[in-house]
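A.B. asks: Below are the structure tokens for one structure; questions will follow.
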Amino acid sequence: MALCLLCTLGGLSATAAIADAPLHTLSIKKSVPSVKLISNVVFSQVQMRGYSNVALKMDILQPESPNALPAVLFVTGGGFINANKDNYVQQRLAMAEAGYVVASMEYRVAPTVLFPAPLEDVKSAVRYLRAQSGKFGIDGAHIAVFGASAGGYLAAFTGTSNGDKQFDKGENLDQNSQVQAVIDFYGLSDLLRVGEGFPDDVVQKHTSASATEAIWVNGTSVFNDGGPITRYPERAAAANPINYINSNTPPFLIMHGTKDTIVSPRQTEILHQALLQKGIDSTYYSVSNAQHGGDYWMQPEIMKIVIQFLDKHLKG
């Protein structure tokens, strides 16, 4: 009996201790929206590898919002020979949390296809986002394109060729493919000068027929004409975004790392200067010690500038 009483008293003591434990109240001011991922959305059916209906896909990050939001189309890099839409997850999420619908697309690559097929894919993705703006909560009047490396080249090309219908092929042709802002991270702009500013051994690599910019334009000698990028100067000129700047070209944000050993900073510098000479709003950042890709580009200082640029031109 005494033992039972002690057990009861012990239980009451433990219960009292739990009752006396402090409860923590957490007040939250909501600063980021809930974001959902919509994966593998088919935005175009294209010809590739002998097939007439290969599906090109995009992944969409859609923030929860009662209102339509501006959109950002992200174009991944890959040296003209890869296009993995899974890249740049941290940056895409940062933009989505800042109130943008963010779509990351895949596109056709060399040597399976040649220029301008990949650019046509980017334009097609822009038109798709406009056509499906109601479905994905997009403000179709405000779309930016953002790319890195080869994706930066394609993003720049999409912007400089605003209003040029020759690259509008495929579906949703009742929609326009114009963008309202461009973000170009360490992209190419003049394929004849890719090695400029690098040591001679690097410059020589870019004179090879196996350089990826040569395959991008001339293909391989087995299935196409092949040859170095300099073999057909008129083709190279037609594949340079710097040659398409016009009055419809939107504002640009350009960034390039000082330690880039893959794409020379000269490529973005000459684009920046060409934009300014044509009266286009262009902002250029040289990022100290940053390489071609890598963790420098994941830092919040970078995305703060990106989001401020987007806010100014898509929300302002």
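A.B. asks: Say we look at segment 61-82 and pick out the residues that are hydrophobic (A, V, I, L, M, F, W, C) and crowded, with 18+ Cβ neighbours inside 10 Å; which of these is modelled with the lowest pLDDT?
C.D. replies: By that ranking, first place goes to PHE80.
A.B. asks: Restricting attention to segment 197-215, which residues are touching a Ser or Thr at 6+ places or on another chain (Cβ under 6 Å) and surrounded by 16 or more Cβ atoms within 10 Å (Cβ to Cβ)?
C.D. replies: PHE198
A.B. asks: Tell me which residues, restricted to segment 140-185, are among the small types (Gly, Ala, Ser), over 23 Å from ALA96 (Cβ atoms) and surrounded by fewer than 23 Cβ atoms within 10 Å (Cβ to Cβ).
C.D. replies: GLY163, GLY170
A.B. asks: Continuing with this model, one more query. Can you name every residue in segment 277-286 that is touching a His at 6+ places or on another chain (Cβ under 8 Å) and more than 17 Å from ILE307 (Cα to Cα)?
C.D. replies: SER286
A.B. asks: Test VAL217 against the stated conditions and say whether it is of a type outside the set (Ser, Thr, Tyr) and assigned by TED's automatic domain parsing to the domain that holds LYS57.
C.D. replies: no
A.B. asks: On to the next question. Does LEU253 qualify as being assigned to a helix (DSSP H, G or I) and not assigned by TED's automatic domain parsing to the domain that holds ASP200?
C.D. replies: No.
A.B. asks: Ok, one more. Mind listing just one residue for me: the one in segment 143-195 that is under 14 Å from the mean Cα position of the chain (by Cα) and hydroxyl-bearing (Ser, Thr, Tyr) and, of those, farthest from SER104 (Cα to Cα)?
C.D. replies: This residue is TYR186.
A.B. asks: A follow-up question, please. Within segment 64-88, can you find the residues that are in a loop (DSSP other than H, G, I, E, B) and within 20 Å of ALA144 (Cβ to Cβ)?
C.D. replies: Scanning segment 64-88 gives SER65, ASN67, ALA68, THR76, GLY77, ALA83, LYS85, ASN87, TYR88.
A.B. asks: Further question on the same structure: Which condition does ILE18 not pass, out of (1) under 21 Å from the mean Cα position of the chain (by Cα); (2) β-branched (Val, Ile, Thr); (3) outside the structural domain of HIS256 (by TED's automatic domain parsing), if it passes all the others?
C.D. replies: For ILE18, the exception is condition (1).
A.B. asks: So, restricting to helices (runs of 4 or more DSSP H) that lie completely within segment 98-205, which ones have at least 3 residues that are over 15 Å from GLY79 (Cα atoms) and modelled with pLDDT under 95?
C.D. replies: 200-205
A.B. asks: What about SER177, is it closer than 25 Å to ASN246 by Cβ, without any contact (Cβ under 8 Å) to a residue 60 or more places away in the chain and small (Gly, Ala, Ser)?
C.D. replies: Answer is yes for this residue.
The values are calculated or read from the model by the stated rules, or taken from the named source; none is laboratory data. Every value quoted in this text rests on a predicted model; they were computed, and no experiment measured them. Glycine gets a Cβ as well: all are built from the backbone with ideal geometry, and neighbour counts include every protein chain shown.
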